[in-house]
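Visitor: Got a structure here, written out as structure tokens. Questions coming.
The values are calculated or read from the model by the stated rules, or taken from the named source; none is laboratory data. Keep in mind it's a predicted model, so treat the numbers as computed, not measured. Here Cβ is always computed from backbone atoms with ideal geometry, including for glycine, and neighbour counts include all displayed protein chains.
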Amino acid sequence: MIEPLEQVEERVGDDLSAAGLLALARDRKAAEDQAAAELLGVAARWADLHPPESIHSAAAFTVPGCEGEEPIAGEGCPLVAEFCVAELGAVLGISSTAAKKLIGHALELRHRLPRLWTQVQSGRVPSWRARLVAEATIHTSPALTMDAAQWIDSQVAAVAGKIGTAQLDRLVAETIKRFELATPDPAADPEDGYFSVDPRHVTVNKEDVHYAGTLHVEADLDIADALDLDQALSHNAAAQKALGSTESLDVRRAKALGDLARTQTALDLFAAGGRVAGEERAGVSRPDHLPAAREVVVHAHFDASVVGEQTVFGPTGRMENGQRLVLLDQVMGWCGDSRTKVTIKPVIDLNVELSTPAYEIPDRIREQTILRDRTCVFPWCTRPARRCDVDHIVEFDHDAEAEGRPQPGPTTTSNLAALCRYHHRLKTHSAWTYRMVEPGIFEWTSPHGHRYRRDRTGTARVDEPEPPERH
């Protein structure tokens with residue numbers, strides 16, 4: 001156990017000097033690196049204990065969605081029974097996705113990057129840096145062979161892992177070329193060593209919404225496309241300024257990109273009779289026949305009260321997209337710009353018990369469950385509930401009505417929960433169990449007896465499992 005700073009100060013008598021604090025910081029960092037290296041070793045050994053053969057019932061392979069082999073590292077690494085990932089992640093307080101990545105990195109390092117693995121275990125290379133290399137070699141396209149991965153290992157190990165991201169990208173590209181892993185272009189000259197990995201992409205990070213109501217977008221474009229985009233953004237930003245905008249250049253360029261995302265941009269800027277967007281803001285009428293330039297689908301939740309005959313919304317609410325705080329003024333601004341089509345959905349009371357005698361879940365009950373749970377209800381899972389399955393906590397018995405028995409797993413709010421597809425399969429085909437102890441509060445029990453409570457605020461460990469009996 002690491003000694004707390006207060007105990008260190010009490011043991012040495014007085015407050016630590018500057019030199020003493022630096023020494024303590026160095027020691028704590030070394031302990032942190034050692035613990036991270038040991039955790040990689042634990043993850044690899046956990047995988048060793050759960051090969052595909054460890055799945056209890058071979059017949060379960062014939063059940064659609066049941067547990068199966070899960071390749072989480074590169075060629076030559078052992079396969080792992082996929083549901084073991086969830087229990088390790090829960091114990092560590094991380095998502096199943098993060099646990100899968102941890103195990104994959106451990107196996108990649110131990111089996112395909114053995115020199116780097118040795119350096120991590122000896123303390124010469126920090127775990128985080130080695131995991132960057134493992135992440136690159138696992139997800140390279142085209143996939144690296146064992147020989148190619150070990151060649152990268154030899155190059156990285158030679159500099160004790162002191163390789164940056166850009167250098168690593170170049171090393172991977174050189175490896176693909178060296179081992180002739182890329183499919184050559186038939187039109188290219190085979191004598192010129194032609195090699196191409198197309199890096200073009202546009203990524204919108206929808207999972208991380210800033211408190212200011214923005215999303216991060218990054219892209220790699222063809223040079224000509226990038227220059228054209230830059231010119232279009234600059235032109236639009238200049239036009240906004242000429243029309244009286246006092247916002248910064250960065251903000252105007254961001255708004256210009258939003259304009260380009262809408263197909264009626266030209267119609268917005270130059271309407272019939274030469275009217276432009278700035279004139280519309282000044283109150284000039286617009287042609288009614290033009291279609292909406294934007295359709296906003298934002299799931300925002302605000303507290304509302306009735307004053308007289310008028311419904312009054314609170315100034316702040318929660319935006320379901322990204323689980324972030326949102327201001328009412330922001331939503332009004334989004335919906336009031338550029339001829340926006342706005343859809344208002346019926347208000348759903350989350351405190352009312354809804355039910356149906358059928359197995360299929362009606363939209364209104366599904367929506368209530370989604371709004372109540374917000375995310376997958378498995379410990380530390382953050383997948384939005386709107387992209388999850390709705391699970392019967394107690395299984396619905398399709399034969400109960402025909403046999404005159406009461407339904408043990410009714411389709412009712414108190415017996416439904418949002419589970420992402422992975423954790424839905426985990427609950428159905430493994431020893432994990434859960435129950436709803438209060439509306440929106442779930443208690444999970446793992447195969448090894450660990451218990452977790454999940455509510456809207458997150459996940460907490462309920463207690464430690466009972467020690468196994470000794471015989």
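Visitor: Suppose we filter Trp334, Trp380 for residues that are hydrophobic (A, V, I, L, M, F, W, C) and modelled with pLDDT under 65; which single one remains?
Guide: Numbers: Trp380 fails: modelled with pLDDT under 65.
From the options Trp334, Trp380, the qualifying one is Trp334.
Visitor: Quick one: how many residues across region 211-258 are over 22 Å from His201 (Cβ atoms), without any contact (Cβ under 8 Å) to a residue 60 or more places away in the chain, surrounded by 12 or more Cβ atoms within 10 Å (Cβ to Cβ) and not β-branched (Val, Ile, Thr)?
Guide: Residues that pass the stated criteria total 13.
Visitor: Filter region 430-456 down to residues that are under 24 Å from the mean Cα position of the chain (by Cα) and over 13 Å from Pro379 (Cβ atoms) and give me whichever is modelled with the lowest pLDDT.
Guide: By that ranking, first place goes to Arg456.
Visitor: What about Ala417, is it under 20 Å from Ser95 (Cα atoms), assigned to a strand (DSSP E or B) and outside the structural domain of Gly93 (by TED's automatic domain parsing)?
Guide: So Ala417 fits the description; yes.
Visitor: Another one. Using the structure shown, decide if Leu21 is at pLDDT below 90, in a loop (DSSP other than H, G, I, E, B), surrounded by 11 or more Cβ atoms within 10 Å (Cβ to Cβ) and in the same structural domain as Pro78 (by TED's automatic domain parsing). I'd like the intermediate steps shown before the answer.
Guide: Values: at pLDDT below 90: yes; in a loop (DSSP other than H, G, I, E, B): no; surrounded by 11 or more Cβ atoms within 10 Å (Cβ to Cβ): yes; in the same structural domain as Pro78 (by TED's automatic domain parsing): yes.
No, not satisfied.
Visitor: Tally time: how many residues in region 432-446 are farther than 14 Å from Ala90 by Cα and either surrounded by fewer than 17 Cβ atoms within 10 Å (Cβ to Cβ) or of a type in the set (Lys, Arg) (or both)?
Guide: 5
Visitor: Can Thr413 be described as within 18 Å of the chain's Cα centre (by Cα) and polar (S, T, N, Q)?
Guide: No: the conditions fail for Thr413.
Visitor: So, in region 386-404, how many residues would count as being more than 21 Å from Ala99 (Cβ to Cβ) and within 17 Å of the chain's Cα centre (by Cα)?
Guide: 1
Visitor: Give the residue that is nearest to Gln34 (Cα to Cα), with candidates limited to residues of region 130-182 that are charged (D, E, K, R) and crowded, with 18+ Cβ neighbours inside 10 Å.
Guide: Arg131
Visitor: Being of a type outside the set (Val, Ile, Thr) and not in a loop (DSSP other than H, G, I, E, B) is the requirement here; does Arg386 meet it? I'd like the intermediate steps shown before the answer.
Guide: Values: of a type outside the set (Val, Ile, Thr): yes; not in a loop (DSSP other than H, G, I, E, B): yes.
Against the criterion (of a type outside the set (Val, Ile, Thr) and not in a loop (DSSP other than H, G, I, E, B)), Arg386 qualifies.
Visitor: Given the criterion modelled with pLDDT under 50, not in a helix (DSSP H, G or I) and not assigned by TED's automatic domain parsing to the domain that holds Arg383, identify the matching residue among Tyr211, Tyr194.
Guide: Sole residue among the options that is modelled with pLDDT under 50, not in a helix (DSSP H, G or I) and not assigned by TED's automatic domain parsing to the domain that holds Arg383: Tyr194.
Visitor: Checking the structure you have, find out if any residue of region 419-426 is among the charged types (D, E, K, R) and more than 30 Å from Leu49 (Cβ to Cβ).
Guide: Checked region 419-426: no residue is among the charged types (D, E, K, R) and more than 30 Å from Leu49 (Cβ to Cβ).
Visitor: Take Pro51 and decide whether it is touching a Cys at 6+ places or on another chain (Cβ under 9 Å) and either at pLDDT 85 or above or under 20 Å from Gly89 (Cβ atoms) (or both).
Guide: So Pro51 fails the test.
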